[in-house]
Amino acid sequence: MAAQPPSPWLQRFNEIEEADVYPEILKKDNLKHSGLAIEYPRRDPRFYNDPLTREQAYSMPIRGNDYDRLFFSEEFQKQGFLGSATWELTELNRFLWTSHQYGLTSGGHLTADDPAAIADVHRQRLIQVDETRWFGFLQKSRWYNLSANPQEQKPPGPGLRWSVDDPMVWHHLRGSIELVDRILKSLIQDQHSALETLLFGRLLYYKNIPSMANQRPFDDALALLSPQMDRTICYANEWPLYQSEFSLLAEGEKPRAMAWKLETLARGHLWSFAPEPRPRRAWDYTKTSRHHNLSFINSELLRHLCSSNITMAESFMLQFQITVVMVRELMRSLFATRLNDDGAPNNITEPFVDFDAVAQIGQAMEKRIFGGHFKILPVENSIPVSIALIHWPNVLSKGIGNPLHETFEKEHPIKIERYPALYIAKFFSEESWTWPLRIRKSDRHFWRMRLFDSETPVRNGGVREWNGIKINDKLKSEWRLLEQRLVNSWTDNRDAWREYRRHWYDAAFERWASTPWGKGVIPRQLVDGFAVHFANRDEVLCFEAPRVLVGTEGRPGMMNWEVPHEFSRSLPGRNNRNNAWVFFTIGLLMLAAMPAREADYTPEEINPSTRLFSFEPSLECAAARALGWTAPPRLELPEPERFPRTRPRSICYDPAIQGQRIPYPTQMDYLDLVRLIMRHIAQTEASVSQAWVHAILLCSESLRAQREEFIITHPHDHRQMWARSWDFQVPDYDHDNPRWIFWDNTYGGRWMKGEPFDSPPPPF
């Protein structure tokens, strides 16, 4: 079968595509869709701020699959954009800031925009790049080129290479480096607490702090204390106040001391471009060693910058994200060198800064400098639709967590701010750095104003559904015309969309959401992904679907089969259209199609050879080496080892017998449980979807016939066998008739009435 051509949105945001688990509903009508498209009314993937004609504005779906794809896509977007649909976020890219003289410009997302004219206006007011003023560790002499194999690493563009010696690459990179330099110098000038903590803060073991000993996550857990927290700890434990060498300096000497310490710790710092790792391999953005630390920038973001396919708003977002990553990774490198200089043991773990919930020095500094962790959306390597500022730490944060911290114990909600492109453009405006009324540039996280917030509750260690944006007007008294314009633009766009869809959307969505099709994005992705992995007989990836739908030991799935009364409550009834049973039952069918295992199973795999990436000095780095700088002549780094793959042993509970666990379940046990659920549906005359019941029954009977044959032909090893075929098909959605089952007892029997089946359903 020929590959489907990508839709315009997928062409522009192709990083969203994961071919092995791509949702089937996004592959309809001879096109492969992104799931990000703005539809009804339709918007262009680049010029999404264009005005609409009346005919465009009031368009609506016609067929069932159109409704299904629209609603699925917007739920898919809310999952990827952490609570928002695409049409809500694109409005935040409408405006950019240049200066008080020029005011606002377009972000470049209107067909009428002249990209050259917009760039010319910004060029006159952009920060002036002066490489001669940069810190030594940001200069070209600290950069290494990635010697890329064309078969393994795409170049930044036609005729370009991953090297600061390439004029085009350096042109797009130097703006981000200039911003890094200015941010660091502002932190020094303002004697920012975060930088002082990193450079001079006291390191203590939790166990040596009486007031915190009971809060230590593990025996040798370390805390890095800010000056403010250090004073608090001294008071709480009746210790004399700690005075570092830095605190004893005169105020006028402190900025110079911070700059000297920064340069000293960065004496061996190097930069390069991150290679593209293969699947199941994570590339760390900073590699530390005794004499040199090597930090990488995200090559994919730079590749987008080198293309001609991005707008001014997207360009600012990409450059800003590179800046943030450089600051974060530099902080990691500085602290690693500090530990090395202080003679810390090699096995020391990262400290918890001021007793944070998570130990991750880079993100801890990013939080204190910028207010949180910046994340490009929809995915890390894509052209940005939005940048989110995620408050850090939270229960989903990566790093070493402290389970005793209240963030985990009380499951604090996750707070997210949407960062308008206008605010990012201000970082690149020369006026923002020279405006005399703001002497301390780093105050209030570089003077950001919180406007577009969301807060999502956490339950059982995760998020079921992200909440949408709300306007934060707590500081409305401080809003200027700029903030008011942003808020008015966003609310006008929201109200316009409500008007466009007023006559049909809410009722149609409610109808869809009440059916199995609307049960959630993840269950449907898992069903589609299972079919692909089953075809490849990939047991570990196959198991990911029933792991979520059915659950594993101690982790319930869509229904909790370990607790009978909870299981019964989740089953559908005559007046209860509970659709959890659909995907739980499909998960049971998946287990019946796979091998059953009595113990955790790790498949034997051919481990592909590990690639070796080479990094060579730039021309200026080579010149510095010739003058005596002790940088390595060449760096070679292997790609990370593949993550190990294991699936847990098979489990099965029988809810009919007080949730009793079946010791060594076979596939027939899962099929019997499916039959039990279907009998319950018939006996209780439950309100269920005819189309999904039919699909489940057909697949169940097919698997039962296969397993009964295997028991006869392979009596000793049938449990370890794959089914020959996986016959489950997600039915098409019928918007006009979702086909709920009705029950008829006229003739003393009981059977289902509804729209005719395409083929007779098997008996229960």
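The values are calculated or read from the model by the stated rules, or taken from the named source; none is laboratory data. All values reported here derive from a predicted model rather than from experimental measurement. Note: ideal-geometry Cβ built from the backbone for every residue, glycine included; neighbour counts use all protein chains shown. Side chains included, ligands, DNA and RNA excluded: accessible areas come from the protein's heavy atoms. Shrake-Rupley method; radii C 1.70, N 1.55, O 1.52, S 1.80 Å.
Counting helices only, and only those DSSP H runs with n ≥ 4, report the 222 nm mean residue ellipticity of the chain as the sum of -39,500 (n - 2.57) divided by its residues, in deg cm²/dmol to the nearest 500. Rounded to the nearest 500, the figure is -11500 deg cm²/dmol. Computed over segment 410-501, the range of Cα coordinates on each principal axis works out to 48, 40, 25 Å, biggest value leading. The simple spin-label model puts a point 7 Å past each Cα toward its Cβ; for Arg577 and Ala213 those points are separated by 6.1 nm.
Rounded to the nearest 5, the antiparallel percentage of DSSP beta bridges internal to the chain is 85%.
When you filter the trypsin sites (Lys or Arg not before Pro) in segment 444-493 for DSSP loop state and at most 11 other Cβ atoms inside 10 Å of their Cβ, you are left with Arg464, Lys474, Arg480. In sequence order, segment 706-711 has phi-based couplings of 5, 5, 5, 5, 5, 4 Hz under the Karplus curve 6.51 cos²θ - 1.76 cosθ + 1.60, θ = phi - 60°, and Gly or Pro positions carry x. Here the gap between Glu409 and Leu619, fully extended at 0.36 nm per residue and compared with their Cα-Cα distance, gives a gain of 70.3 nm. Modelled spin labels at Arg464 and Ile711, positioned 7 Å past Cα toward Cβ, are 3.7 nm from each other. What part of the accessible area of the chain, given as a whole %, is carbon or sulfur when the probe is 1.4 angstrom? Within the chain, the accessible surface is 51 percent carbon and sulfur. The smallest convex shape that holds all Cα atoms of segment 96-215, its convex hull, gives 271 Å³ per residue.
Of the residues Pro41, Thr602, Pro23, the one whose Cα sits farthest toward the positive end of the charge dipole of the chain, with +1 on the Cβ of Lys and Arg and -1 on the Cβ of Asp and Glu, is Pro41. In degrees from 0 to 90, rounded to the nearest 10, what is the angle of the helix 361-370 Cα long axis to the longest principal axis of the chain? Tilt of helix 361-370: around 70 degrees. Between the beta carbons of Gln124 and Ser307, assuming R0 = 25 Å, the FRET efficiency works out to 0.55 to the nearest 0.05. Computed from the C-beta positions of Ser244 and Glu566, the FRET efficiency with R₀ = 41 Å rounds to 0.15. Computed with a 1.4 Å probe over protein heavy atoms only, the accessible surface of segment 492-577 comes to 48 Å² per residue. Per residue, segment 292-438 exposes 30 Å² of solvent-accessible protein surface, assessed with a 1.4 angstrom probe and all protein chains in place.
Taking 0.36 nm per residue of sequence separation and removing the Cα-Cα distance, the Trp170/Asp506 pair yields an extension gain of 116.0 nm.
Give the residues of segment 482-517 whose amide nitrogen is closer than 20 Å to a point set 7 Å from the Cα of Lys28 in the direction of its Cβ. It comes to 501, 504-517, nothing else. Taking Cα atoms only, the orientation of helix 254-265 departs from the longest principal axis of the chain by about 60 degrees. Mind grabbing the base-10 log of I(q)/I(0) for segment 1-100 at q = 0.21, 0.22 Å⁻¹? Debye formula, identical points on the C-alpha positions, no solvent, two decimal places. These q points yield log10 I(q)/I(0) values of -1.21, -1.31.
The angle between the Cα long axis of helix 667-683 and the main principal axis of the chain comes to about 70°, on a 0 to 90 degree scale. A 1.4 Å probe run over the protein chains yields, for segment 171-232, 37 Å² of accessible area per residue, whole-number rounding.
Roughly speaking, what is the stretch gain from Arg133 to Trp722, that is 0.36 nm per residue apart minus the C-alpha to C-alpha distance, in nm to one decimal?
205.5 nm
Translational diffusion of the chain, estimated by Stokes-Einstein from the Kirkwood radius over alpha carbon pairs at 4 °C in a medium of 1.567 mPa s, is 44 µm² per second. When Ile387, Ile662, Ile522 are compared by accessible surface with a 1.4 Å probe, the order from highest to lowest is Ile522, Ile662, Ile387.
A simple spin-label model places pseudo-atoms 7 Å from Cα toward Cβ; at Asp220 and Asn381 they are separated by 3.6 nm.
Treating r as the C-beta distance of His445 and Ser59 and R0 as 56 Å, the FRET efficiency rounds to 0.85. So for segment 556-689, what percent of the C-alpha to C-alpha distances run longer than 18 Å? Summing the P(r) tail past 18 Å for segment 556-689 gives 68 percent.
Note on segment 129-194: Cα convex hull, mean projected area over all directions, 5.7 nm².
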